[in-house]
1. How far is the Cα center of segment 230-246 from the Cα center of segment 108-151, in Å?
2. Averaged over all directions, how much area does the convex hull of the C-alpha atoms of the chain cover when projected, in nm²?
3. Take the Cα atoms of segment 68-204, build their convex hull, and give its volume per residue in Å³.
4. Roughly how many whole Å is it from the C-alpha centroid of segment 162-182 to that of segment 47-66?
5. Helix 89-103 against the longest principal axis of the chain: what's the angle in degrees, Cα atoms only, rounded to the nearest 10?
6. Is segment 23-95 best put as rounded, prolate or oblate by its Cα gyration tensor, with a ≥ b ≥ c the root eigenvalues, rounded for a/c under 1.5, and otherwise prolate when a/b is larger than b/c, oblate when not?
7. Count charges around Glu27 for me, please; just the other residues with Cβ under 13 Å from its Cβ, Lys/Arg as +1, Asp/Glu as -1.
8. Would you mind ranking Leu109, Leu23, Leu239, Leu96 so that the residue whose beta carbon has the fewest other beta carbons within 10 Å leads the list?
Amino acid sequence: MIQPPVRRILSVRVHDVTLAEALELVEAFIAEGGSHQVCTVNPEFIMHARRNPDFFRVLEGSSLNVPDGVGLLWAGRMLGQPLRERVAGVDLMEALIARAAERGWRVFLLGAAEGVAERAAKVLQARYPGWVLAGTFAGSPRPEEAPAIRERLQEARPDLLFVAYGAPQQDLWIARHQPALRIPVAMGVGGAFDFIAGVVPRAPRWMREAGLEWLYRLIRQPWRWRRMLALPRFVLAVLAARYASR
């Protein structure tokens, strides 16, 4: 298996992969067996990891950290750690579902609000006929729910698990339970189920390509403003790191 180049954005590990390369790596992980974790790193992840040592360790130990966010591409250029392409988590998830339809992989959707995973599964089954739905469940990352969720997953035997509990909870949950579950690939996907199910509209393509998806989400969900404060902090941290390196 080819090991993708590793970049360091404010000391946080990110792999320089394209969407096509990430898809091939995940396929190799599933063929290899064992347990692998995929993380979709964006500027919020970077800022969380800088103040949360447990989350930093998750990103250090994961099998693949894709660069999800144009802010990472900008930071990579500023810091001499170039990244070729943004790999959005929802795009990688859909590409993997399409590949699951070809390969016969079993897929489990875990998380989001009650009923959202089921709605997302129906949309994906219409969009990519033939993939195997191993199960859906909302649940939560609360410790007291973990035994019942693990039991569901062990009975379902998925090859691919998507977890939508939001970062960093989803990624910490996967890292905590993957060794026992031994699911070949588990990936945190944030709001992907909401986008796919149509609960939350995704930004138009032109805004995504222009790096303005954050603005669209802020307009649609103004309550997110506190979370969005991570973005200017990220920019300032990158500029300070660039200055210090000079």
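Readers should treat all values here as calculations from the given coordinates under stated rules, not as data from a laboratory. All values reported here derive from a predicted model rather than from experimental measurement. Cβ atoms come from the backbone with ideal geometry, glycine included; neighbour counts cover every protein chain shown.
1. 38 Å
2. In nm², the orientation-averaged hull projection of the chain is 12.8.
3. 123 Å³
4. First find each Cα centre; the distance between them is then 12 Å.
5. Taking Cα atoms only, the helix is inclined about 40 degrees.
6. Oblate, since a/c reaches 1.5 and b/c is not below a/b.
7. Once positives and negatives cancel, what remains is -3.
8. Starting with the residue having the fewest Cβ neighbours, the order is Leu239, Leu23, Leu96, Leu109.
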